[in-house]
Amino acid sequence: MSARLLEGRPVAARLWERAAAEAARLRDRLGQPPTLAIVQVGQDPSAAAYTRQILRSFARYGLEARLEPFPSEVAASDLYARVEALGRDSSVQAVLVQTPLPAPLTLAEVVRHLPPEKDAEGVHPTNAGLLWQGTPRVVPSTPAAGMELLREAGVAPQGRLAVVVGRSNTVGKPLAQLLLAQHATVVVAHSRTRDLAALTRQAEILAVAIGRPGAIKGDMVAPGAVVLDFGTTEVEGRLAGDVDFEPAQHVAAAITPVPGGIGPVTIAMLALNVLALAGGLEAGG
Ligand code: NAP
């Protein structure tokens, strides 16, 4: 058996079509393109690459993305003051704080200086709380992309056992909540989980976001499972997922490739969040 590939690019193309139409409508209303400010501290290569992709895609589809770069040794108080100023700036409708941040800065602390109404990634405590209560305003774009790929593939989470490996505030936790909201039975595993394989082998939906290339081996995947691989680690100049793709695709019913799976859909989801915060579409697509 060979798994169905859950390709992100065609899904992203459909989302961008919608985003572009909405961006044009909002541009007329706002008198400017809907605008995202990207706060980037330091020069982490993966954050820099993600920023470049956002700048390119937003320009292509009629949104604006403005980079706000800071040196890695920026004083926390200066960074917070700038984030607060972006919160007051009426020409900016949404703000994304790029990770990783150099220690001792943390995403949780930086986003607290942002009004939740401008939180492009849904990581402000207010937005994270709304998501947990099942009434989201903004859904983090990466887990939203995973859910969109499931929807496009016709996979209904209801009643299925979903195992989410990884519990970050940006991917694992919000994904678990989104699956729960669609009536999956959800298990969240992490680095202290005992016998991970015994859990993953039971998963009807297996979602992995750990940043450990190939950590999920083929024999850890249940026959017929739907596998979402969020991992994007650069290995020898190429992006590698968290799932050992070759053996896993012979066991799974469907699987997202890396690259070309979750990634392209994520940026389109981010654009839809920006448009929602700018007064257009509903958040989370
Ligand atoms: P993160 O904040 O580093 O969190 C990693 C999580 O994985 C933690 O919860 C950690 O457990 C768990 N973990 C680490 N090693 C493990 C292991 N061997 N077994 C089980 N659990 C393990 O990472 P993240 O930001 O969520 O990102 C995860 C991956 O997704 C990365 O590859 C990242 O590049 C990728 N990502 C992709 C996109 C996209 O658009 N495709 C967007 C964001 C992130 P503990 O909590 O116990 O430490």
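The values are calculated or read from the model by the stated rules, or taken from the named source; none is laboratory data. What you see is a predicted model, and the numbers here were worked out from it, not measured in a lab. Glycine also receives a Cβ, built like all others from the backbone with ideal geometry; neighbour counts cover every protein chain displayed. The protein model used for the area step is the full one, side chains on, heavy atoms only, and it has no ligands, DNA or RNA in it. Shrake-Rupley method; radii C 1.70, N 1.55, O 1.52, S 1.80 Å.
Of 141, 91, the residue with the largest accessible area leads and the full order is 91, 141 (1.4 Å probe).
Given a 1.4 Å probe and the protein chains as shown, residue 72 ends up with an accessible area of around 60 Å². Between the Cα long axis of helix 262-277 and the first principal axis of the chain there is an angle of about 40°, rounded to the nearest 10. Distance between the 7 Å Cα→Cβ label points at residue 43 and residue 17: 4.1 nm.
With q set to 0.23 Å⁻¹, the log10 of I(q)/I(0) for segment 141-262, from the Debye formula over equal scatterers at the Cα positions, is -1.49.
Taking Cα atoms only, the orientation of helix 141-152 departs from the longest principal axis of the chain by about 50 degrees. With the helix formula -39500 (n - 2.57) applied to DSSP H stretches of n ≥ 4, the chain reaches a computed 222 nm mean residue ellipticity of -12000 deg cm²/dmol. Close amide-amide hydrogen proximity is noted between residue 67 and 38, each under 5 Å apart and 5 or more residues distant or on a separate chain (H modeled in the peptide plane; Pro and chain starts excluded). Taking 0.36 nm per residue of sequence separation and removing the Cα-Cα distance, the residue 156/residue 108 pair yields an extension gain of 14.1 nm. A simple rule links phi to the HN-Hα coupling: the Karplus curve 6.51 cos²θ - 1.76 cosθ + 1.60 with θ = phi - 60°, which for segment 116-128 gives x, 5, 10, 7, 5, 10, x, 9, 5, x, 5, 6, 5 Hz, with x for Gly and Pro. Each residue of segment 38-50 was assigned a 3J(HN,Hα) from its phi angle through the Karplus expression (A = 6.51, B = -1.76, C = 1.60, θ = phi - 60°), giving 10, 8, 10, 9, x, 10, 4, x, 6, 5, 5, 5, 5 Hz with x at Gly and Pro. Solvent exposure of the chain, expressed per residue, is 45 Å² of accessible area, with all protein chains present and a 1.4 angstrom probe.
Once the convex hull of all Cα atoms in segment 117-204 is built, its volume per residue stands at 92 Å³.
Restricting to segment 141-262, what percent of DSSP beta bridges are antiparallel, rounded to 5? Once the DSSP bridges in segment 141-262 are tallied, antiparallel ones form about 15 percent.
Computed with a 1.4 Å probe on the full set of protein chains, the accessible area for residue 28 sits at about 130 Å².
On the protein heavy atoms, probe 1.4 angstrom, tell me the percent of accessible surface of the chain carried by carbon and sulfur. Carbon and sulfur together cover 51 percent of it.
Of the listed residues 217, 118, the order by accessible area with a 1.4 Å probe, largest first, is 217, 118.
Here the Karplus relation 6.51 cos²θ - 1.76 cosθ + 1.60, evaluated at θ = phi - 60°, turns the backbone of segment 162-168 into coupling constants of 10, 10, 9, 9, x, 9, 6 Hz, with x for every Gly and Pro.
Can you tell me the orientation of helix 172-181 relative to the chain, as the angle in degrees between its alpha-carbon axis and the longest Cα principal axis, to the nearest 10? Rounded to the nearest ten degrees, it is 80. Determine the relative contact order of the chain: mean sequence separation of Cα pairs under 8 Å and six or more apart, normalised by residue count, in whole percent. Taking the mean separation of contacting Cα pairs over the length of the chain, I get 22 percent. For the chain, the alpha carbon convex hull comes to 119 Å³ per residue, rounded to a whole number.
Amide H contacts of residue 139: 284, each under 5 Å away and 5 or more positions distant or on a separate chain (H built 1.01 Å from N in the peptide plane; Pro and chain starts excluded). Provide the percentage of antiparallel DSSP beta bridges, counting only those with both residues in the chain; round to the nearest 5. In the chain, approximately 10 percent of DSSP beta bridges are antiparallel ones.
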